[in-house]
1. With every protein chain left in place, what is the accessible area per residue of segment 194-300 in square angstrom, probe 1.4 Å?
2. Under a cut-off of 18 Å between alpha-carbon atoms, report the aspartates and glutamates in cross-link reach of K201, not counting same-chain residues fewer than 8 places apart.
3. Please calculate the 1.4 Å probe accessible area of S94, with all protein chains present, and give it to the nearest 10 Å².
4. In segment 148-190, what trypsin sites (Lys or Arg not before Pro) fall in a loop by DSSP, with at most 11 other Cβ atoms inside 10 Å?
5. Got a number for the accessible area of I170? Probe 1.4 Å, square angstrom, nearest 10.
6. Keeping all protein chains in place and using 1.4 angstrom, which order do E343, E168 fall into by accessible surface area, from largest down?
7. Would you list, by chain and number, the lysines whose Cα falls below 26 Å from the Cα of K119, excluding same-chain residues fewer than 8 positions away?
8. Can you list residues whose amide H is under 5 Å from R330's amide H, if they're 5+ apart or on another chain and H is modeled 1.01 Å from N?
Amino acid sequence: MEGTLEELQQKSAYQGGRVGDFDSRQKGEKEAWDEFLANHAWGQHVQSSMWGDLKTLHGWQPHRIILKENGRIVAGAQILLRDISIIGKVGYISKGPVFAYAGLKLYRRFFNHLIRAAKANKARLVLMQPVQNDARFLEFIHDEGLLESDFELAPRATVRVPLQPPIEDILKGMKSHTRYQFRKGERRGLTARMAGKEELKTFYRLLEQTARRQDFSPYPLAYFEEMWGAFEKNGQIQLIFVDYENEPVCAQLMIAFGNTVVAKNCGWTGEHRKLSPMYFMDWESIKWAKENGFAYYDFEGIKPEAAAELKAGRPLPEKFHQTPTFYKLRFGGEVLLLPSAYEFVPNAFLRFCYKSLQPVLANSSLAIKLRRRFAQG
């Protein structure tokens, strides 16, 4: 579909309201977008309206660019926007955009609307981390002047376990040590159970214990309660516990969206180490995902440097042994190395200035503040 920008606007989903904002103006648009994502091989929960609703509670404004052909969605992205002191309004697209098919005309059409949406919302800077390694799209955005960024809006590498094969084949893809660990836990009395929102406080207590051991600051309990509220309607958030002698030992919060179950957050008391409760928990999570018809179980995040070595056919470097990356890789599966984030300044004059200053700004206090803001969600 080609034409002027005005003609493209009429043919797309921009009918009334601000550019890209359909939340409160078009009944059913939100649901149609989520359905498009859920049925797309690369549709991600962080692009869903539920994630947008969650981020609204933390100061972000979700705006969706949705393009249609013959009444059907063919492309789109959810942008999260907020004001940052000194800079002004910034926006980011995590694991998007999503296209129904590949093609330069569709890329151009989307990019035109991205510019319009950014300018309409007075965004000074937009960051975008594409969801897949589409060489033509990456070449296109490079030609459009987007600069590769060291911001990480989403994990740049992950390992996901395909669930389509028979369970025996999934087991064969794992390290023998891994199979031994979770079977040992089962023999010695570990049990798994699914839980509801009423046990989020128990999950959070386990998460806090993990945070103290590993020296990180978890999101507050309210964040997980809000996440549950955003995704519970369609059963897209799940909580699994591992118990020993009727006491919770570890737990994991999962997002089940589209064809994938994502392991979002987990907590462990640190006790009963010899029973390998974490191995048992992930194995039970994998089984739950397969039994409920999902195609993948995603560990959501390994070190990109480790993924690059493995994708190049080289062994995992010693420095990654005894790390979460090493643990996740032991379950077999596919190693995915995903694109970097890209930066775009909609204003042409500011874009020219920014290109010259980007190397200096990359390590500035302003960049550090931005990274902290994105990390805080």
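1. Working: 4660 Å² over 107 residues.
Here the per-residue accessible area is 44 Å².
2. Here the aspartates and glutamates satisfying the reach criterion relative to K201 are E225, E226, E232, D243, E247.
3. So the heavy atoms of S94 present about 10 Å² to solvent.
4. Numbers: sites: R156, R160, K172, K175, R179, R183, K184, R187, R188; in loops: R156, K175, R188.
Answer by residue number: there is no such site.
5. Its accessible surface works out to 10 Å², give or take rounding.
6. The ranking, largest first, comes out as E168, E343.
7. List returned: K11, K27, K30, K55, K68, K89, K95, K105, K355, K369.
8. Distant-sequence amide H within range of R330: zero hits.
The values are calculated or read from the model by the stated rules, or taken from the named source; none is laboratory data. What you see is a predicted model; the values in this text were computed from it and never measured. Virtual Cβ from ideal backbone geometry, glycine too; neighbours counted across all protein chains shown. These accessible areas exclude ligands, DNA and RNA; they are computed on the full protein's heavy atoms, side chains included. Shrake-Rupley method; radii C 1.70, N 1.55, O 1.52, S 1.80 Å.
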